[in-house]
Amino acid sequence: MAVVGLDHYALLSSDPERTTRFYEQIVGLKAGPRPQLSFPGVWLYAGDVPIVHIIFDKAIPTRETGAVDHLAFTARGSVEELHELLRRNHIEFTSRVIERTGVTQVFFRDPDNVGVEQNFAPS
């Protein structure tokens with residue numbers, strides 16, 4: 001047995017509509033097909049892959065994310081456009097360039113306080 005990749009993250013949500021809207025409008029994922037399961041939720045896709053699963057009917061134990069610090073996504077496009085989108089939506093963020101690789105990292109939090117990181121390759 002060997003791990004060959006990450007399939008998805010499952011996140012709990014205190015407000016299903018707000019969380020889905022955040023991951024679509026801010027992060028850039030798109031809601032898509034989800035199998036009939038025994039609990040409500042939404043699957044969010046990067047292209048054809050459902051990489052974030054949001055679960056709607058399970059209480060969030062605390063406002064902290066436990067051992068999970070953040071979700072990191074590979075991003076394309078303009079870092080400046082993401083900065084402006086975050087500012088327009090009053091979302092605090094930090095940004096830095098990794099000297100060794102030139103990757104620009106942008107860090108912010110989702111509506112339930114989960115850390116989100118978007119990584120942009122150098123132009």
Tail beyond 16 Å, pair distance distribution of the range 1-49 (Cα, percent):
47
Within the chain, what whole-number % of the accessible surface is contributed by carbon and sulfur, with the 1.4 Å probe and all protein chains included in the calculation?
52
When DSSP assigns beta bridges and you keep just the ones with both residues in the chain, what percent turn out antiparallel, to the nearest 5?
65
Principal axis extents for the range 80-123, Cα atoms only, whole Å, descending order, please.
32, 20, 12
Whole-number accessible area per residue in Å² for the chain, which is evaluated in the context of all protein chains at 1.4 Å:
67
Rounded to two decimal places and with Rh computed the Kirkwood way over Cα pairs, what is Rg over Rh for the chain?
0.97
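The values are calculated or read from the model by the stated rules, or taken from the named source; none is laboratory data. All of these numbers come straight from a predicted model, not from anything done at the bench. SASA here: full protein model, heavy atoms, side chains in, ligands and nucleic acids out. Shrake-Rupley method; radii C 1.70, N 1.55, O 1.52, S 1.80 Å.
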